[in-house]
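Here's the structure we're looking at; comments come further down.
Just so it is clear, none of the values below were taken in a lab; they were calculated from the coordinates. For clarity, every value in this text was computed on a predicted model and none was experimentally measured. All Cβ positions, even for glycine, are placed from backbone atoms using ideal geometry, and neighbour counts span all protein chains on display.
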Amino acid sequence: MIQRIAIIGLGTMGPGMAARLARGGLQVVAYDVAPAAIERARSILGIAEGVLDSLGVTSPASGAGTVRFTDDIADAVSGADLVIENVPENISIKADVYRAIDGLIGPETLVASDTSGIPITKLQAHISHPERMVGMHWSNPPHIIPMIEVIAGEKTAPQTVATIRDLIRSIGLLPVVVKKDVPGFVENRVLYALLREAVDLVERGVIDPEDLDTCVSWGIGYKIAVIGPMALLDMAGLDIYKSVSSFLNADLSNRDDVAPMVLQKTNASKFGIKSGEGMFSYTPEQIKALQGERARKLVAVRRILEGRE
Ligand SMILES: NC(=O)C1=CN([C@@H]2O[C@H](COP(=O)(O)OP(=O)(O)OC[C@H]3O[C@@H](n4cnc5c(N)ncnc54)[C@H](O)[C@@H]3O)[C@@H](O)[C@H]2O)C=CC1
Ligand SMILES: Cc1ncc(C(=O)O)c(C(=O)O)c1O
C-alpha cells in the first residue's frame with residue numbers, strides 16, 4: 001500500500017501535485033535540485049490548497065496527509081513507497097535522477113515518471129528494477145485536472161500499473177490506462193495534433209491568435225468537455241465525418257518539425273507566462289490575475305461537469 005511519496009522536481013507541476021496527493025491523505029516529501037524552486041513551491045503550496053478547498057476535495061477519514069520539503073535527495077526518497085520523477089522533459093536529466101535514486105530506494109519502491117510523452121520503455125532502461133517503473137502523466141494544473149494517464153513500458157509489471165491505477169482512484173482522481181507505450185501517450189497525441197494545426201493557422205495568417213483561442217475554446221473546447229471525440233462523431237454523424245475528412249484530412253498540417261514561429265520565440269527566450277512573453281505578453285500583475293481567474297473558472301466548470309452545482 002502506498003503511503004509515503006517522494007516528488008523529485010518542483011517546477012510547474014510539482015507543487016500542485018504535492019498538494020493534491022497530501023489532500024488524498026498521503027505523506028509527501030518534496031525535493032528539487034534548485035533551492036529557489038523549493039522556496040517557490042513552498043510559497044505556492046497554500047494557493048493550491050485553497051483551490052482544493054474550493055473544489056471541495058476533503059481528506060479521507062484516515063486523516064490528512066502532509067507535505068515536507070527537503071534539499072536532500074536521499075532524505076526525500078528514504079522510506080518512500082513511490083517516487084514521482086517530475087524533472088524536465090529530457091531523457092538524460094531524467095536518467096541522472098534514476099541513477100541518483102537507484103541505490104537509495106528499496107526493490108519494492110515504485111518509480112513513476114510524469115513525462116509528457118517519452119516512451120516509458122526508453123526511461124526504464126536507466127533503472128535497475130524496470131518492472132517497478134511506470135508512466136504517471138498528470139495534466140496541468142495538476143491539482144485541478146482529475147485525469148491521470150498510467151502507462152506501462154515493455155518491462156513494467158502488471159502489478160505496478162494496477163497499484164498506481166488504484167492509488168489514483170483511491171484519492172478520488174480518474175486513472176486512464178494507456179494500452180500501448182506510444183510517444184505522447186494519448187492525451188498529448190490529441191493535444192499536439194490540435195496545437196500543430198492551431199500554430200499553423202496562426203503562422204499562415206489565416207486567423208489572429210486571440211480569435212484562434214475564441215474559436216477553439218467556445219467552438220470546440222466547451223463542447224468537448226461534455227461530449228468526447230468518439231461521442232461527437234456519433235452526434236455529428238459518421239457520414240458527415242466521412243465526407244469532410246475525405247477532402248480535409250489531406251489539407252491539414254502534417255509538418256514533422258517544430259514550426260518556425262515557435263522556434264523564433266523560444267530562441268528569443270519567449271516561453272510564455274514563465275518569461276512574461278510567448279504568444280501573448282503578460283505583466284506580473286496580469287499573470288497573477290489570470291492564474292486566479294483560470295483556477296476559479298476551472299473549479300466552477302468541474303463542479304458542474306461532476307453534477308455538483
Ligand atoms: N508543464 C506542463 O504543462 C506539464 C509537464 N509535464 C511533464 O512533467 C515534467 C516536469 O515538467 P515541469 O514541471 O513543467 O518542468 P519545470 O521545468 O517547470 O520544472 C522542473 C523542475 O525540475 C528541477 N530539476 C531539474 N533537474 C533536477 C534534478 N536532477 N533533481 C531534482 N530536480 C531537478 C528543476 O529545478 C525544476 O524546478 C516534464 O517531464 C514535463 O514534460 C507533464 C504534464 C504537464
Ligand atoms: C502544451 C502542453 N504540453 C504538454 C502538456 C502535458 O500534459 O504534458 C500540457 C498540459 O496541459 O498538461 C500542455 O499544455
Of the candidates 246, 113, 59, which one comes out as most mobile in a Gaussian network treatment of the chain with C-alpha springs shorter than 10 Å?
246
Long-range amide H partners of residue 148, meaning residues 5 or more apart or on another chain whose placed amide H is closer than 5 Å, are 174, 176
Calculate one ³J(HN,Hα) per residue across the range 142-156 by plugging θ = phi - 60° into the Karplus curve 6.51 cos²θ - 1.76 cosθ + 1.60, and present them in order as whole Hz with x for glycine and proline.
x, 7, 10, 7, x, 7, 10, 7, 10, 10, 8, x, 4, 9, 6
The answer for residue 57, listing residues at least 5 apart or on another chain whose modeled amide H is closer than 5 Å to its amide H, is none
Pairs from 179/242; 223/270; 94/179; 223/297 whose Cα-Cα separation, in the structure shown, is over 20 Å
179/242; 223/270; 94/179
Determine the gain in length on full extension of the stretch residue 220-residue 233; use 0.36 nm per residue of separation and subtract their C-alpha separation, reporting nm with one decimal.
3.4 nm
Chymotrypsin sites (Phe, Trp or Tyr not before Pro), restricted to the range 211-304: which are DSSP loop and have at most 14 other Cβ atoms within 10 Å?
271, 280
Rounded to the nearest 5, what % of the DSSP beta bridges within the chain are antiparallel ones?
20
Could you let me know the centre-to-centre spacing of the range 127-187 and the range 202-280, using Cα atoms, in angstrom?
26
Where does the chain land at 222 nm, in deg cm²/dmol rounded to the nearest 500, when only DSSP H runs of n ≥ 4 count, each adding -39500 (n - 2.57), divided by all residues?
-13500 deg cm²/dmol
Using 1/(1 + (r/R0)^6) with R0 = 30 angstrom and r between the beta carbons of residue 68 and residue 162, what's the FRET efficiency to the nearest 0.05?
0.60
Which of 156, 66, 266 moves most in a GNM of the chain, Cα contacts under 10 Å?
266
Helix by helix through the chain, keep the DSSP H runs that span 15 Å or more along the axis on Cα and average at least -1.0 on Kyte-Doolittle, and give those back in order.
35-55, 91-102, 158-170, 187-203, 284-305
Phi to ³J(HN,Hα) by Karplus 6.51 cos²θ - 1.76 cosθ + 1.60 over the range 66-75, Hz, x for Gly, Pro
9, 10, 10, 9, 8, 9, 10, 5, 5, 4
Work out Dmax and Rg for the chain from the C-alpha atoms and quote the Rg first, both in angstrom.
20.4, 59
Using the number of other C-beta atoms within 10 angstrom as an exposure proxy, rank 279, 136, 1, 13 with the fewest first.
1, 279, 13, 136
Stokes-Einstein, Kirkwood over Cα pairs, the range 4-178, 10 °C, 1.306 mPa s; D in µm²/s equals 100
Once you've got the GNM for the chain with C-alpha springs shorter than 10 Å, pick whichever of 201, 21, 82 has the biggest mean-square fluctuation.
201
Excluding residues on the same chain fewer than 8 positions from residue 180, give the lysines whose Cα lies under 20 Å from its Cα.
122, 155
Given H placed on each backbone N at 1.01 Å, which residues far from residue 69 in sequence or on other chains put an amide H within less than 5 Å of it?
30
Phi-based couplings in Hz for the range 210-222 (Karplus 6.51, -1.76, 1.60; Gly and Pro marked x)
5, 6, 4, 5, 4, 4, 6, 5, 8, x, 10, x, 4
